[in-house]
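First the structure, in the form of structure tokens, and then the observations on it.
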Amino acid sequence: MSNNSHEVDIAIIGGGNAGLTLAAQLAAQKCPPNTVVIEPQPPTQRDCSWGLWAQEKQAKELSHSTKGRWKRWQLIDHLSRVTHSSDQYSYVSLSSADYLLDRAAQLHQPVSLVEESVSALKPGQDRTTVVTDQNQYSAKTVYDSRPPKIADNGLRQHFLGWHIHTEQPIKDPDTAILMDFRVDQSRGLHFIYALPFSEHHILVESTLISTTVEPQEWYRNAIKGWLKNNNIQVAEIISEEIGVIPMDTLVVNKQRSQSKSTSAQQPLIAPIGAASGAVRRSSGYAFQHIQQQISQLAAGIEQGNRSVPTPISSRLTTMDKIFNGVLISRPELAVSLYMRMAKALTGDQFSRFMLGEATTSDWLRVIAAMPKGAFLKQLVKQLIR
Ligand SMILES: Cc1cc2nc3c(=O)[nH]c(=O)nc-3n(C[C@H](O)[C@H](O)[C@H](O)COP(=O)(O)OP(=O)(O)OC[C@H]3O[C@@H](n4cnc5c(N)ncnc54)[C@H](O)[C@@H]3O)c2cc1C
């Protein structure tokens, strides 16, 4: 094993959404900083589906990695079905591997990607040494996107999904099912997420919001039950994807947290992406927040400011904390919270809300639809904490 030492301006740890998006944007600048992205796994080995709401322009830009796109989506419980359609927004599902391969293809000197795993960070006076299994990189600035730690009893969204070839054509391939709550609710807030990619190809995910991850068979049984109830016969399970997304306060790793430096002259180690809190706590969606954070960061770097912008406003985080507080303290209300929110909004308003871009009037509609007592109690709890 060689242990060569390289000097770089910026070391980006992790070549996921945040890391490779940042690297590609730096490579596109007039005078790109000397940058290395350190990532142990090729994108094809960690392919999964990333869902987001996008307007036409962005949807077009992402078409190279788009697996499916819907103008209509539904939320369903035992009592009702809310169908949204939107003129302005589509719900888009990306192949993460295709997205990352596209970003990696945009890199050129002096921005490069190496297949290595970071084992240690050694902060120094002027530079940080990033130690990998093969090399050492001495960097002025380190952006660290390694997945964040979730507190032991923290709320998380965990799921297991199957890509399925179906025997018969899927009934309504133009509608994405975002949440079908007609499943076992005994372990937490549970729903099926089902994306029909074509008449015979559907992704069906069993998603649970709780503090405890269940054995994989539990999610598989939920998928089987849902398929049976919906008369969908499986011709072939093409692949399986699993994931855990934090919906709570992250455990801060002091070495990885941001120092005060903002200029290119002083050393900086800072988290980016999900590790910096880019995951929306009430929904688990992060893609757009990461994109916005990274675009602002890349623009800042070009101007000589290396500090990492906050990915989600503190106002939104506070609202989401209150929402999650009600989910935890009043689990019997959980399904109805999402259904009430969906019923109160049109497709465009719902898309804005999920993107964290709700207008004051969108917020007022949602607040008016919520059970006031439970939210007021949670607000008071939050204030006296
Ligand atoms: C399975 C899954 C599905 C998701 N679906 C959605 C979705 O539909 N919509 C949405 O908005 N959000 C979704 N998310 C949440 C979020 O958008 C993604 O997690 C997103 O990939 C976060 O980007 P990131 O760059 O912060 O982290 P990541 O993309 O996770 O990148 C971190 C990288 O760090 C690398 N790494 C780890 N250890 C080391 C090491 N020692 N040295 C170097 N590199 C290392 C990892 O290999 C990884 O590539 C999903 C998350 C998961 C896990």
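Readers should treat all values here as calculations from the given coordinates under stated rules, not as data from a laboratory. Worth saying up front: this structure is predicted, and the values here are computed from it rather than measured. Cβ: placed from backbone, ideal geometry, glycine included. Neighbour counts: every protein chain shown.
For the chain, the relative contact order comes to 18 percent (Cα pairs under 8 Å, sequence separation of at least 6).
Within the shell of other residues whose beta carbon sits under 14 angstrom from the beta carbon of residue 188, the net charge comes to -1, with Lys and Arg scored +1 and Asp and Glu -1.
Here's the picture: charge each Lys and Arg Cβ at +1 and each Asp and Glu Cβ at -1 in the chain, and of 202, 160, 4 the one pushed furthest to the positive end of that dipole is 160. Taking amide H as placed 1.01 Å from N in the peptide plane, the amide H of residue 182 sits under 5 Å from that of 192, each at least 5 places away or on another chain. Compared with the dominant Cα axis of the chain, that is its longest principal axis, helix 17-27 is turned about 40°. Along region 99-111 the Karplus relation, 6.51 cos²θ - 1.76 cosθ + 1.60 evaluated at θ = phi - 60°, assigns HN-Hα couplings of 4, 5, 5, 5, 5, 4, 5, 8, 7, 8, 3, x, 10 Hz to successive residues, with x for each Gly and Pro. Amide H to amide H distances under 5 Å link residue 166 with 201, 202, 235, where only residues 5 or more positions off or on other chains count and H is placed in the peptide plane.
Counting only lysines at least 8 places from residue 224 when in the same chain, those with an alpha carbon closer than 29 Å to its own are 67, 71, 171, 343.
Each stretch of four or more DSSP H residues adds -39500 (n - 2.57); spread over every residue of the chain, this sum gives -9500 deg cm²/dmol at 222 nm.
Between the helical axis of 287-302 and the longest alpha-carbon principal axis of the chain there is an angle of about 20 degrees.
Restricting the GluC sites (Glu not before Pro) of region 160-224 to loop positions (DSSP other than H, G, I, E, B) with no more than 14 neighbouring Cβ atoms within 10 Å leaves 167, 199.
Remark on residue 144: its backbone amide H falls under 5 Å from those of 13, 270, 272, a criterion applied only to residues 5 or more positions apart or on other chains, H modelled at 1.01 Å from N. Distance from the alpha carbon centroid of region 157-219 to that of region 311-342 works out to 21 angstrom. Rounded, prolate or oblate: pick one for region 1-70, where a ≥ b ≥ c are the square roots of the eigenvalues of its C-alpha gyration tensor, a/c under 1.5 means rounded, and failing that, prolate if a/b is larger than b/c, else oblate. In terms of gyration-tensor shape, oblate. Coupling constants for region 161-174 follow from the phi torsions by the Karplus curve (6.51 cos²θ - 1.76 cosθ + 1.60, θ = phi - 60°), and in residue order they are x, 10, 8, 10, 8, 9, 5, 9, x, 6, 4, 10, x, 8 Hz; glycine and proline get x.
Considering only 139, 298, 235, the Gaussian network model of the chain with Cα springs below 10 Å gives its largest mean-square fluctuation to 235. Based on the convex hull around the alpha carbon atoms, region 1-134 presents an average projected area of 11.8 nm². Taking the C-alpha atoms only, the angle from helix 372-384 to the longest principal axis of the chain is near 30 degrees. Just checking the listed ones, 355, 333, 364: in the Gaussian network model of the chain with Cα springs under 10 Å, the one fluctuating most is 364.
Using the alpha carbon gyration tensor of region 314-384, what are the three equivalent-ellipsoid semi-axes (square root of 5 times each eigenvalue), largest first, in whole Å?
Numbers: eigenvalues 79, 41, 20 Å².
Output for region 314-384: semi-axes of 20, 14, 10 Å.
Which shape class applies to the chain: rounded if a/c is under 1.5, otherwise prolate when a/b exceeds b/c and oblate if not, where a ≥ b ≥ c are the square roots of the Cα gyration tensor eigenvalues? It comes out prolate by the Cα gyration axes.
Among 166, 359, 318, the residue with the largest mean-square fluctuation in a Gaussian network model of the chain, with springs joining Cα atoms closer than 10 Å, is 359. Counting only residues at least eight positions apart within a chain, or on another chain, the aspartates and glutamates with an alpha carbon under 16 Å from that of residue 30 are 9, 302.
Sites listed here are GluC sites (Glu not before Pro) in region 282-358 whose DSSP assignment is loop and whose Cβ has at most 15 other Cβ atoms within 10 Å: 357. Residue-wise HN-Hα couplings along region 78-89, as the Karplus relation 6.51 cos²θ - 1.76 cosθ + 1.60 with θ = phi - 60° gives them from phi, are 5, 9, 7, 9, 9, 10, 10, 9, 9, 7, 7, 10 Hz; Gly and Pro carry x. When the Cα gyration tensor is reduced to axis lengths a ≥ b ≥ c, the ratio a/c is 1.5 or higher for region 156-246, and with a/b above b/c it is classed as prolate.
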